[in-house]
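Structure record follows, encoded as structure tokens.
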Amino acid sequence: MSGRPNNEPVWPLFDLRLTFNDTMLRPVRETDLNELARILPDDFEHDPSSSLLLGLDLASNRRRLLFQNYWRNWGTWSVESWILDFCVIYQGQVVGIQALEAKNFVELRTVDSGSWLAPDYRGVGLGTSMRIAILGFAFDHLGAQVAITSARFENAASLGVSRRIGYRDNGVSTSRSPSGPCQLHHMRLTRAQWQESSLGDSVSVTGLSACAVYFRLEQ
């Protein structure tokens, strides 16, 4: 009789753990969704291409989309293109989400990131810590060559995190948003710039070997 050993996880991505200082990231599980929906901040903007249900108010639609995006991201995973949502854990509490995503990653080696934090946990350095953790994972363990990110011009907190880590300006564009057209400030960080900062030296990653095939990594 053949098959997977009983102690071998069917979906090993759940066992990934990233840590930097007192911040830990682990992939979102379905059991996290109710808590994440509860703390979802009012200023979180959903994907403007998403359809809203007319029978729900905006906050309820955004909570619904959080659930649907979770199922979609796992259900459409491929080696080439993926979105990996991590719970941000601080002082034992789930306080937000840090996402890492890539399209045609095997060929382009470029990652993008996005995040949100519950309002009570902003302004204490978590935004920087969780971004450093995700970049250490991408550059030092997945073999990324470039990381990009974008934020509205008025989102000084996000742009400040990017600049502190070493991202460089990479242009401006006009984009759709739920509140209408907005100006996005794009930023870019190369592998060489990341390595020069030595920030990755303090990032710990565990659980990657079991899911190496999900990223086409050499064993």
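The values are calculated or read from the model by the stated rules, or taken from the named source; none is laboratory data. Because the structure is a prediction, the values reported are computed rather than measured. Neighbour counts are summed over all protein chains in view; Cβ atoms, including those assigned to glycine, are modelled from backbone coordinates with ideal geometry. Just the protein is used for accessible areas: all its heavy atoms, side chains included, with ligands, DNA and RNA removed. Shrake-Rupley method; radii C 1.70, N 1.55, O 1.52, S 1.80 Å.
Here are a few things to note about the model shown:
- Share of carbon and sulfur in the accessible heavy-atom surface of region 41-91 [1.4 Å probe, %]: 55
- Its alpha carbons considered, region 70-130 gives a radius of gyration followed by a Dmax of 13.5, 40 Å.
- Rounded if a/c under 1.5, otherwise prolate or oblate - region 1-101, Cα gyration tensor axes: oblate
- For region 70-87 versus region 134-168, the inter-centroid distance based on Cα atoms is 20 Å.
- Against the compact-protein benchmark of 2.2 N^0.38 Å, the Cα-based radius of gyration of the chain scales to 1.03.
- Simple label model, 7 Å out from Cα along Cβ direction - Asn34 to Asn104, nm: 4.3
- Summed residue charge, Cβ within 14 Å of Lys103's Cβ, Lys/Arg positive, Asp/Glu negative: -3
- Counting Cα-Cα pairs of region 127-219 in 5 Å increments starting at 0 gives whole-percent bin shares of 3, 13, 22, 19, 16, 13, 9, 6, 1, 0.
- Solvent exposure of the chain as accessible area per residue, Å², 1.4 Å probe: 54
- Quick note on region 76-191: its Rg to Rh ratio, both from C-alpha atoms and Rh being the Kirkwood radius, is 0.96.
- Residue-level accessible surface for Ser50, protein heavy atoms, 1.4 Å, Å²: 30
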